1. Hey, could you check the stretch 1-58 for residues that are of a type in the set (Ser, Thr, Tyr) and in contact with a helix residue (DSSP H, G or I) (Cβ under 6 Å, 6 or more places away or on another chain) and say which is nearest to residue 73 (Cα to Cα)?
2. How about the stretch 43-74: which of its residues are open to solvent by 60 Å² or more (accessible area, probe 1.4 Å), part of a helix (DSSP H, G or I) and in contact with a strand residue (DSSP E or B) (Cβ under 8 Å, 6 or more places away or on another chain)?
3. What are the pairs with Cβ atoms under 6 angstrom where one residue, in the stretch 1-25, is open to solvent by less than 40 Å² (accessible area, probe 1.4 Å) and the other, located anywhere, is not in a helix (DSSP H, G or I)? Sequence gap at least six, or different chains.
4. Consider the stretch 33-50. How many of its residues are in contact (Cβ under 8 Å) with a residue 12 or more places away in the chain and farther than 12 Å from residue 5 by Cβ?
5. Is there any pair with a first residue in the stretch 51-72 that is on the phi > 0 side of the Ramachandran plot and a second that is of a type in the set (A, V, I, L, M, F, W, C) and surrounded by 14 or more Cβ atoms within 10 Å (Cβ to Cβ) whose Cβ atoms are under 9 Å apart and which are 6 or more apart or on different chains, and what are they?
Amino acid sequence: MTPSYTERFVALFEMHPYLPFDGLKLAHVCPYAWRTRVSEARLRFLAAGKGNIKNTQVRLENGSKRSLYTFIPT
C-alpha cells in the first residue's frame with residue numbers, strides 16, 4: 001500500500017532531524033495542500049511524544065520572506 005502524504009512527511013522529517021525544509025522542497029513530496037500535511041505530521045509527532053516541527057521565517061536579500069520547517073526530536 002502506498003503511504004499517505006502525511007506519512008511521507010513524517011518519514012522525511014524523521015530521516016532528517018534538524019534540517020530545515022522550505023516550501024519548494026516540501027511541495028515535491030506533496031504538491032497540493034502540503035502545509036496541511038506538515039501540520040498533520042506535527043500533530044502526529046506531538047501525540048507520540050517524538051518531537052515537534054518548528055516553523056521559522058527568514059528574510060531574503062530581496063526583502064521577501066521564506067518559511068522553513070524543521071523537525072526537532074525530543
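1. 6
2. Answer for the stretch 43-74, where residues must be open to solvent by 60 Å² or more (accessible area, probe 1.4 Å), part of a helix (DSSP H, G or I) and in contact with a strand residue (DSSP E or B) (Cβ under 8 Å, 6 or more places away or on another chain): just 46.
3. 13/71; 21/69; 22/66; 22/68
4. Counting residues in the stretch 33-50 that are in contact (Cβ under 8 Å) with a residue 12 or more places away in the chain and farther than 12 Å from residue 5 by Cβ gives 4.
5. 51/13; 51/45; 51/71
The values are calculated or read from the model by the stated rules, or taken from the named source; none is laboratory data. Since the structure is predicted, the reported quantities are computational estimates derived from the model, not experimental observations. Every residue, glycine as well, gets a Cβ built from its backbone with ideal geometry; the counts of neighbours run over all protein chains shown. Protein only, heavy atoms only, side chains kept; ligands, DNA and RNA dropped before computing areas. Shrake-Rupley method; radii C 1.70, N 1.55, O 1.52, S 1.80 Å.
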